[in-house]
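Have a look at the structure below before the remarks.
The values are calculated or read from the model by the stated rules, or taken from the named source; none is laboratory data. Bear in mind the structure is a predicted one, so any value in this text is a computation, not a measurement. Note: ideal-geometry Cβ built from the backbone for every residue, glycine included; neighbour counts use all protein chains shown. Protein only, heavy atoms only, side chains kept; ligands, DNA and RNA dropped before computing areas. Shrake-Rupley method; radii C 1.70, N 1.55, O 1.52, S 1.80 Å.
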Amino acid sequence: MKVDFEIGTMIEIPRAALTADRIATEAEYFSFGTNDLTQMTFGYSRDDIASFLPAYLDKKILKVDPFQVLDQNGVGQLVKMAVEKGRNVRPTLRCGICGEHGGEPSSVKFCAKIGLNYASCSPFRVPIARLAAAQAAVEE
């Protein structure tokens, strides 16, 4: 019996993003776990952020909760770089994100802009994600 399968990886830590070209020699797809990648990039624990996030937002240290809206300048740049490095090695590499960022409109639009193939999210966020993806396609 022949079973067709693909090899892929979840990229959740900065080092994996930095070495995406090496990973792409074997991987046929990347799925970016943006919640964990955010946690590792910022050094914030999602379990502890509630104790200081309100002060960070109030003092404008952060504009938004990075676990709700993808940090395009930091985490987003890691994703963008990893996609570019991966596709330099494997042009057919499929890439996407999974997690709550996959259903947040500005995050979905950013992902479309950098050439991701898909975003997955919680079922209740699917209509919002589809609308944001359609808007991103029209805005191109």
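Things to note:
- Evaluation of Leu62 against the conditions (1) farther than 19 Å from Ala119 by Cβ; (2) free of Cβ contacts under 8 Å to residues at least 40 places away in the same chain; (3) in a loop (DSSP other than H, G, I, E, B); (4) open to solvent by 60 Å² or more (accessible area, probe 1.4 Å) shows that the sole unmet condition is (4).
- Of residues in the stretch 100-132 being open to solvent by 20 Å² or more (accessible area, probe 1.4 Å) and among the small types (Gly, Ala, Ser), the one farthest from Ile11 (Cα to Cα): Ser106
- Subset of the stretch 109-127 (residues that are in a loop (DSSP other than H, G, I, E, B), of a type outside the set (Ser, Thr, Tyr) and more than 21 Å from Glu140 (Cβ to Cβ)): Cys121
- Gly86 being touching a strand residue (DSSP E or B) at 6+ places or on another chain (Cβ under 7 Å) and in a helix (DSSP H, G or I): yes
- Condition met for Asn73 (modelled with pLDDT of 95 or more and in a helix (DSSP H, G or I)): no
- Tallying residues that are touching a His at 6+ places or on another chain (Cβ under 8 Å) and not hydroxyl-bearing (Ser, Thr, Tyr) within the stretch 1-56 yields 1.
- Where a residue in the stretch 128-139 is part of a helix (DSSP H, G or I) and aromatic (Phe, Trp, Tyr) and its partner, wherever it lies, is surrounded by 12 or more Cβ atoms within 10 Å (Cβ to Cβ) and at pLDDT below 90, with Cβ under 6 Å and at least six apart: none
- Residues in the stretch 11-52 that are within 15 Å of the chain's Cα centre (by Cα) and within 21 Å of Pro91 (Cβ to Cβ): Ile11, Ala16, Ala17, Leu18, Ala20, Tyr29, Phe30, Ser31, Phe32.
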